[in-house]
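Okay, structure first, notes after.
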Amino acid sequence: MDATRIVAVRHGETAWNVDTRIQGHQDIALNDTGRWQAAQVARALAGEEIAAVYASDLLRAHATGAAIAQAAGAPLHAEPRLRERHFGAFEGRTFAEIEAEAPEQALRWRKRDPHYAPEGGESLVRLQARIADVTARLAARHLGEQIVLVAHGGVLDALYRLATGQALQAPRTWQLTNAAINRLLWTPEALTLVGWGDAQHLERAARDESTA
């Protein structure tokens, strides 16, 4: 069977993650924790055969991808189509600020209205179509190989839904942990889920450091 193995990784933590501030297309760097997480996921994947690492061109994802590529000895490619959902006028604001200032829009967002887009932003329907297309295009280049996609929470959520058939409006019951390892299998016929939310490398490293 012609298939491509995909490891999907969300970027390491940023200061805006900690503040629950919406990043979208804003180019926010990793914080100290995020850089540590990038190093740990790179170490966890270092022994695997990886044909290429494709990372969103936003700094937080690209830096995470660079750590993985260096450890694996794989080429790194910046891929703008793996960017986070564009949140338009909401970018830079916290969830609490949006709920206080624009409650009707916040409700549509909370209910995951597939066609709702913040002013100047992107709807869930458009995000999922973008991610389905770029994933298929990249995976088709690497049949029989394994690649790493480094992206963002919204992108990982879209991949999970595409692989499992979960509707865009379905409540999220899966984790989108920074620097966790998520595995999928792509064929020209389908995208399927192999494993999700593996953060053992982060937990083990944290334990090792706490007892050092």
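For the pair Ala132 and Asp208, the difference between a 0.36 nm per residue extended length and the Cα-Cα distance amounts to 23.5 nm. For the listed peptides 107-113, 123-129, a ranking on the average number of other beta carbons within 10 Å per residue, highest first, reads 123-129, 107-113.
Run the numbers on segment 133-204 and let me know its relative contact order in percent, using alpha-carbon pairs under 8 Å that are six or more apart. Relative contact order comes out at 26 percent.
Across segment 20-165, the mean sequence separation of Cα contacts (distance under 8 Å, 6 or more residues apart), normalised by length, yields a relative contact order of 29 percent. Modelled label positions at Glu101 and Arg43, each set 7 Å beyond Cα in the direction of Cβ, lie 4.1 nm from each other.
Listed options for Rg and Dmax of the Cα atoms in Å are (1) 16.9, 52; (2) 19.9, 68; (3) 24.5, 78. The value calculated from this structure is the one marked (1). A 1.4 Å probe run over segment 1-157, with the rest of the protein chains in place, finds 44 Å² accessible per residue. Between the alpha-carbon centres of segment 113-128 and segment 194-208 there is a gap of 32 Å. How many nm is it between the label spots at Arg35 and Arg108, if each spot is 7 Å from the Cα in line with the beta carbon? Using points 7 Å along Cα→Cβ, the separation is 4.1 nm.
Taking 7 Å steps out from each Cα toward its Cβ at Gln200 and Gln70 produces label points 2.6 nm apart.
Per atom type, the chain shows carbon and sulfur on 49% of its accessible surface, probed at 1.4 Å.
Estimate the FRET efficiency between Arg141 and Asp19 by the formula 1/(1 + (r/R0)^6), using the beta-carbon distance for r and 35 Å for R0, to the nearest 0.05.
In this case the efficiency is close to 0.40.
The values are calculated or read from the model by the stated rules, or taken from the named source; none is laboratory data. Every value quoted in this text rests on a predicted model; they were computed, and no experiment measured them. Quick reminder, even Gly has a Cβ in these numbers, built from the backbone with ideal geometry, and neighbours come from all protein chains shown. To get the accessible areas, we keep the full protein, side chains included, count just its heavy atoms, and leave off ligands, DNA and RNA. Shrake-Rupley method; radii C 1.70, N 1.55, O 1.52, S 1.80 Å.
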